[in-house]
Amino acid sequence: MKSLFSNIKGDAFGGLTAGIVALPLALAFGVSSGLGPSAGLYGAIFIGFFAALFGGTSTQISGPTAPMTAVSMVVISGLIATYNGDVEAALPAILTIFLLAGVFQIGLGAAGLGKYIKYIPYPVISGFMTAIGLMILITQILPAIGYYPKEDSEFIATLVEPAKQNLLEKTIQEDVEEGTLTLTNFSATIDEVGSLDEKDIEEEAKALAASESSGVIGAINSMPRAIQKINYLELILSLVTILIIFGFKRITTAVPSTLVALLAVSGVAYGFGLDYRPIQEIPSGFPEINFAIFTNFSWSSISPYILTALSLSFLGAIDSLLTSVIADNMTKTKHNPNRELIGQGIGNSIAAFFGGIPGAGATIRTVVNINAGGKSKLSGMIAGILLLVVLLALGEVASQIPAAVLAGILITVGIGVMDYKGLKAIPKMPKFEVVIMLLVMVLSIFWNLVYAVGIGLVLASLIFMKKMGEVTASLSRVDSFKGLLATKPEEEEAWSDELNIDDALRKKLFIKHLHGPVFFGFTSELHEMAKQIPDTASVIIIRMDLVPYIDQTGVYALEDIIFDLTTNGKQVSIIGLQEQPDYLMRKIDIIPDLIPEDLLFDDFKSCVAAIVER
């Protein structure tokens, strides 16, 4: 405990500063997710506190982040659509997915996979981050100009007939499930449909309007209507917020410009009694555990999103560990990646119980914490406690923040999260890396974030293996040494221990040098080796002194070659077999079935001596 409180002044100031920075972002990410500002605040409170307490990076400040919110938004919108626009009905399934993501993160940490996250290719990360930025920008244009599809009466009127169709299908489905839809009472079902309440139809039409306008494609499709119905007060509030955020940074970075914009624009809008749209009301009091996660559990609802939950866990891991590396560089310390994943998983799991959206280690908040003096876990815990105090004491005040202000904040987040370094490097990058980056970006924006990253990883891995195969194959030479039975200029010079061979013996030998790993990209060269062996050679020596690794494809190819040679009456000896190739060749019985123990040698001298003796 002594070490935890050894820097209490610095940790207190760092945590308070980071918490102040986190407040507007938490509210904004909550609104962006579709669950409201309280969900963002709950996520920041519980993830921030418990990830700091159990995590492996002392100065990490965690909470909702842009990438995690973007993927969460996909889950939320999809499940709300499944429940016909009823957020309350969809909430248990949504939070179950978030809980699973946290559990998966704990599993990743417990399995020791944290150290492997760094191997994700940069083009995939770059394309994904740029896509996240563009998605936030596009989806926030509508609230920034004050357009809300659920309030557009003309648009809703066009959806009345589809709404009736949906209600008809739901009524029939309910009767089928209850077993009351039969030929004898079919007319009762028709009467029930015919007596649909106008209010129900209107609510269903509004749900359809929200669904059709959600996401990037929905926002783009809604843009023509939105431009015709711009609310100029909301637009001005958004633009002023953006200008203050970018402009105040030029004056000083000592005070978070996001907080300045939030307080200044909200204060003016509220103080002058402007007719603006406030954010969704933030419930007062301590957050309650959502037991409906268990009581309303439905496997059929969450099963399509299991892969998304796993992707959320991986994304949170990447997001957090990249921030951990930045924190290490600033503090000259070393984080524990597996413990960090466990801490993040615990934080996300607890946040889900209380209705919070998932999050990860947040770079800006962590940097602010370190610069303000934070050095231990206490700083992250204090940041979480500060947000809880704000919730309990100022929840009612925070509910008066203009929605346009949060839209402006999110637009600046979208601009900031894009990977400009990767975009600027496009003319200089290898073409295949550019293709991967752009493919991930486009698929993420217009199709599916999760599948886009998966496709990017597969393509990057395949191209990497191909390139490594070409490189390794070029290094893995199989030429015979010069002066054996041929003197072609491209043939390899004999090794120093092969120079003094008796001429009579030389005519009977055929020596092959293998250089580097023998793997699937090298099998064609192995077969070429077999074709080069002259009929006059009765003894084949394969030198594997420089082969540190052989894979299953390589060892089977070698087995085929050795089998053919021994079947044709040739004796095959192997020199310098290293540990891993030796182990694999024994496992599949090349040794001793094809190559007896007495034909394995540590060096060339002992091999030649044995040949002469025979």
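Computed from the coordinates by the stated procedures, all read-outs in this text should not be read as laboratory data. It should be emphasised that the depicted structure is a prediction, and the values quoted were computed from it without experimental measurement. Positions of Cβ are generated from backbone atoms using ideal geometry, with glycine treated the same way; all protein chains shown enter the neighbour counts.
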Per the charge dipole of the chain (beta-carbon charges, Lys/Arg positive, Asp/Glu negative, Cα centre), the residue among MET429, ILE318, ALA12 reaching farthest to the positive end is ALA12
If you put +1 on each Lys and Arg Cβ and -1 on each Asp and Glu Cβ, how big is the dipole of the chain around its Cα centre, in Debye rounded to 20? 2640 debye
Fraction of beta bridges assigned by DSSP in the chain that are antiparallel (%, nearest 5): 15 percent
1/(1 + (r/R0)^6) with r = Cβ-Cβ of ASN568 and ALA609, R0 = 30 Å, i.e. FRET efficiency to nearest 0.05, evaluates to 0.75
Using only Cα atoms and rounding to the nearest 10 degrees, what angle (0 to 90) does helix 215-228 make with the longest principal axis of the chain? 40 degrees
Students often forget the sequence filter, so: which lysines lie under 18 Å Cα-Cα from LYS199 once same-chain residues fewer than 8 apart are removed? LYS150, LYS164, LYS170
Given PRO517, LEU239, ILE588, which one lies farthest toward the positive end of the charge dipole of the chain, if we put +1 on the Cβ of every Lys and Arg and -1 on the Cβ of every Asp and Glu? LEU239
When the helices in the chain are scored as -39500 (n - 2.57) per DSSP H run of 4 or longer and the sum is shared across all residues, what 222 nm value do you end up with, to the nearest 500 deg cm²/dmol? -21000 deg cm²/dmol
What lysines does LYS421 reach when the alpha-carbon gap must be under 19 Å and sequence neighbours fewer than 8 apart in one chain are set aside? LYS118, LYS431
In degrees between 0 and 90, to the nearest 10, how far off the longest principal axis of the chain does helix 337-353 point, with axes built from Cα atoms? 30 degrees
In whole Hz and in residue order, list the ³J(HN,Hα) couplings for region 78-94 that follow from phi through the Karplus curve 6.51 cos²θ - 1.76 cosθ + 1.60, θ = phi - 60°; x for Gly and Pro. x, 6, 5, 5, 4, 9, 6, x, 8, 4, 4, 5, 7, 4, x, 5, 4
Multiply the residue separation of PHE446 and ASP535 by 0.36 nm, subtract the distance between their alpha-carbon atoms, and state the gained length in nm to one decimal. 25.8 nm
Based on the Cα gyration tensor of region 496-613, what are the three equivalent ellipsoid semi-axes, each the root of five times an eigenvalue, rounded to whole Å and given largest first? 22, 15, 14
Farthest positive-ward along the chain dipole, Cα basis, beta-carbon charges - from GLY34, GLY218, ILE501: ILE501
Select from region 232-305 those GluC sites (Glu not before Pro) which occupy a DSSP coil region and have at most 15 other Cβ atoms within 10 Å, ordered by residue number. GLU281, GLU288
Report, to the nearest 10°, how far helix 604-613 tilts away from the longest principal axis of the Cα atoms in the chain, using its own Cα long axis and a range of 0 to 90°. 40 degrees
Per the Kirkwood formula on distinct C-alpha pairs, the Rh of the chain is how many angstrom? 28.5 Å
Between region 1-74 and region 279-295, how many Å separate their Cα centres? 18 Å
